[in-house]
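The values are calculated or read from the model by the stated rules, or taken from the named source; none is laboratory data. Please read all numbers here as calculations on a predicted model, not as lab measurements. For neighbour counting, all protein chains shown are included, and Cβ atoms are generated from backbone atoms with ideal geometry for every residue, glycine included. Ligands, DNA and RNA are excluded from the accessible area calculation, which covers all protein heavy atoms including side chains. Shrake-Rupley method; radii C 1.70, N 1.55, O 1.52, S 1.80 Å.
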Amino acid sequence: MIVAALRLLSALLGVVLLTAVTVAGIAVAVFSVRGGDRSLSYNQLAGWLDLAAFRDTVGIWLDGLESTGSVDIAAALAGVGAVAAGAALVVGAVVPRRERLLILDRSAAGRLAMRRRAAAGALTALVERPREVLDARVRVRPSRHKVGGRASARLDRARSADPAEVRTAAAKSTDGLVGEMSLKLRLHDRIRRRNGRVR
């Protein structure tokens, strides 16, 4: 969970940084067309960005870092925090994403597993077999260390169909595969209207 959050944060930060670098590169390219103090020049760009005042501000901050006392501690903590944040972003960008597999069997020779998307696709095809089921969506959540896991199926049915019959037919069609996968299946039905919406 933490690695996934770091991966998402790294992706977002990468997009922001790439956009900033692109804009800065375009600005430098435009203002490097002419030299001197003309409208498209480095000096004019520095004046627009007020870099002189920024230099004075940074200079005061750097002078504060050279002094002794609580300012040094604050700067050290800020530096450690920046290094930790950078390391976390590197972990999020470098660590490969591991897909959780649905373990079907475990023995001394090894384990037999399958991707949860494949398992969900197989269960979806079976759930949609009964005529009363108009559409279905199955999600599989494998157990972390044990065989099997949980699965939830959301069924779309017509208004005239009996909910109990729909769930019974769907459970019967998936009974064999659910047992082979050691899954606990939960069925949820909802009514599909004529315009395709459900409630």
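In the stretch 176-197, what residues are part of a strand (DSSP E or B) and either at pLDDT 85 or above or open to solvent by less than 50 Å² (accessible area, probe 1.4 Å) (or both)? Within the stretch 176-197, L183, K184, L185, R186, L187, H188, D189, I191 qualify. Of all the residues in the stretch 135-175, those that are within 15 Å of L123 (Cα to Cα) and part of a loop (DSSP other than H, G, I, E, B) number 1. When we screen V91, V71, V58 for residues that are at pLDDT below 70, open to solvent by less than 90 Å² (accessible area, probe 1.4 Å) and either charged (D, E, K, R) or in contact with a helix residue (DSSP H, G or I) (Cβ under 8 Å, 6 or more places away or on another chain) (or both), the only hit is V71.
For A118, the requirement of being closer than 30 Å to L177 by Cβ, open to solvent by less than 90 Å² (accessible area, probe 1.4 Å) and either in a helix (DSSP H, G or I) or at pLDDT below 75 (or both) is met.
Suppose we filter R167, R157, R129 for residues that are open to solvent by less than 30 Å² (accessible area, probe 1.4 Å), modelled with pLDDT under 90 and more than 19 Å from R100 (Cβ to Cβ); which single one remains?
R157
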